[in-house]
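Have a look at the structure below, then the notes.
The values are calculated or read from the model by the stated rules, or taken from the named source; none is laboratory data. Quantities reported herein were computed from a predicted structural model and do not represent experimental measurements. Neighbour counts run over all protein chains shown; Cβ positions are idealised from the backbone, glycine included.
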Amino acid sequence: MTSPLQPTASGERIESLDILRGIAILGILIMNIQSMSMPGAAYLNPTAYGDLDGLNYGVWVFSHLFADQKFITLFSMLFGAGILLVSERVEARSGSAFRFHAKRNFWLLIIGLVHAYLIWYGDILVAYALCSFLVFGLRGWSPRRLFVLGGILLTIPTLLNLMFYLSMPQWPDVALRSVQQSWLPSADTTAGLIAGATGTLSEQLAFNATAALEMHTFVFFTLFLWRVSGLMLIGMALYKTGVLTASRSGLFYRRGLWAGLVVGFPVIIAGIVQNENAGWSVEYSMFMGSIYNYWGSLAVSFGYLCAVMLFAQSDAAHGIKRRFAAIGRMALTNYLAQSVIGVLLFYGVGLGLFGQVDRTMQLLITLGVWALQYGWSAPWLETYRFGPVEWLWRSLTYMQRQPMTRR
């Protein structure tokens with residue numbers, strides 16, 4: 001007999017996944033705020049815009065070493081694990097896992113497109129929705145096969161970078177100038193970007209649409225398609241082996257924590273040194289120089305994952321765990337709320353501070369947003385079953401208005 005499909009009840013949730021998701025969604029803002037508040041080139045090339053001396057340089061090193069690609073890696077693996085977890089629960093109720101997956105991620109795609117083109121171009125939801133359809137059929141594979149294919153997919157952006165780097169001497173001048181402008185924009189180009197972000201609503205939408213289109217074409221096919229899909233597969237494998245559910249031994253997680261940090265941080269530091277020695281030149285840093293953090297971030301992310309699993313296993317700090325888990329249960333709402341706050345601070349519809357906030361102030365703003373989300377998520381879920389956007393997403397998926405308040 002088929003049981004009616006219903007949203008996951010709070011008692012069915014896996015606390016370790018919610019805690020890790022909550023920490024990941026907070027950590028993502030350390031990097032996202034850079035693109036929200038400055039021309040996009042400054043995200044990859046710290047010399048492209050703004051002051052990079054003294055404390056600002058220290059903040060950049062901190063963000064690159066501890067945050068860049070680390071928290072989004074965790075979030076991507078969690079999304080893959082979520083595909084598997086949701087499918088298992090649908091199939092346990094004799095439902096069609098693919099039909100439910102298709103509806104759920106179709107609406108996520110729509111939410112992502114609205115976010116990317118109407119709010120902030122740096123959206124990741126579109127990539128998640130699209131990649132989810134590519135990996136869904138592989139969810140029945142063994143952990144070993146998932147790890148192997150995930151690793152293969154992760155190597156493709158590196159191979160593309162090597163190809164671009166080696167072929168650059170043969171590129172036509174127009175292509176070289178275009179790449180140079182994207183890596184180190186001229187003063188006129190930078191002024192135009194700032195004017196677009198802080199101008200009229202139509203100018204802001206045009207600015208957003210141009211950047212979002214690049215994210216959904218060139219960036220998707222050269223990076224997100226491969227890295228996101230690979231991480232989703234690895235997330236499925238980590239879920240199947242009990243790593244993401246805090247089911248492994250404390251010794252396993254302690255070893256994973258230290259191995260991840262000891263391997264990852266030296267690789268990332270080596271990349272910083274190499275890029276500094278190359279003067280952050282487009283010829284080296286755009287392609288070869290990015291490979292260090294690309295791979296180092298994977299090891300560091302695993303170290304973070306293991307640290308959070310140890311935290312989840314511990315008998316201490318139950319109140320803190322509850323608050324991080326609440327942030328994770330409202331991850332979609334909190335992710336979009338970060339973008340809305342950023343737009344209100346930096347774009348012309350709000351305070352118009354785009355291009356005026358240095359890296360130190362960006363970090364302070366990030367801490368303020370963290371405090372808000374840490375403070376509001378748990379109290380909200382004491383009254384309501386879902387976050388506002390989670391409620392909308394579930395209502396659209398089930399094609400039925402979901403009860404919002406707790407009874």
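How about region 55-88: which of its residues are of a type in the set (Asp, Glu) and touching a residue at least 12 places away in the same chain (Cβ under 8 Å)?
Residues of region 55-88 of a type in the set (Asp, Glu): 68, 88.
The answer is Asp68, and nothing else.
Hey, among Phe98, Phe147, Phe106, Phe164, which residue is farther than 20 Å from Phe220 by Cα and surrounded by fewer than 16 Cβ atoms within 10 Å (Cβ to Cβ)? Working first, answer last.
On the way: Phe147 fails: surrounded by fewer than 16 Cβ atoms within 10 Å (Cβ to Cβ); Phe106 fails: farther than 20 Å from Phe220 by Cα; Phe164 fails: farther than 20 Å from Phe220 by Cα.
On inspection, the qualifying residue turns out to be Phe98.
Any residue in region 139-151 that is closer than 22 Å to Trp295 by Cβ sitting within a Cβ distance under 8 Å of a residue that is basic (Lys, Arg) and not in a loop (DSSP other than H, G, I, E, B)? List the pairs, counting only those 6 or more apart or interchain.
Pro143/Lys240; Leu146/Lys240
Looking only at region 28-50, filter to residues that are among the small types (Gly, Ala, Ser) and within 17 Å of Asp123 (Cβ to Cβ); which one of those is surrounded by the most Cβ atoms within 10 Å (Cβ to Cβ)?
If we filter region 28-50 for residues that are among the small types (Gly, Ala, Ser), which is where we start, we get 35, 37, 40-42, 48, 50.
Next, only the ones that are within 17 Å of Asp123 (Cβ to Cβ) stay: 35, 37, 40.
Details: Ser35: 19, Ser37: 24, Gly40: 20.
Ranking the qualifying residues of region 28-50, first place goes to Ser37.
Can you find even one residue in region 106-126 that is in a helix (DSSP H, G or I), under 15 Å from Asn32 (Cβ atoms) and among the small types (Gly, Ala, Ser)?
For region 106-126, residues in a helix (DSSP H, G or I), under 15 Å from Asn32 (Cβ atoms) and among the small types (Gly, Ala, Ser): present.
Please determine whether any residue of region 301-316 is of a type in the set (Val, Ile, Thr) and in contact with a Phe, Trp or Tyr (Cβ under 8 Å, 6 or more places away or on another chain). Show your work before the answer.
Kept after step one, since they are of a type in the set (Val, Ile, Thr), are these residues of region 301-316: 308.
Within this subset, residues satisfying the condition of being in contact with a Phe, Trp or Tyr (Cβ under 8 Å, 6 or more places away or on another chain) are none.
Within region 301-316, not a single residue is of a type in the set (Val, Ile, Thr) and in contact with a Phe, Trp or Tyr (Cβ under 8 Å, 6 or more places away or on another chain).
Please note which helices (runs of 4 or more DSSP H) are completely contained in region 326-407 and include at least 2 residues that are at pLDDT 95 or above, over 22 Å from Ala116 (Cβ atoms) and within 19 Å of the chain's Cα centre (by Cα).
Numbers: elements: 331-346, 359-383, 388-398.
Fully inside region 326-407 and qualifying: 359-383.
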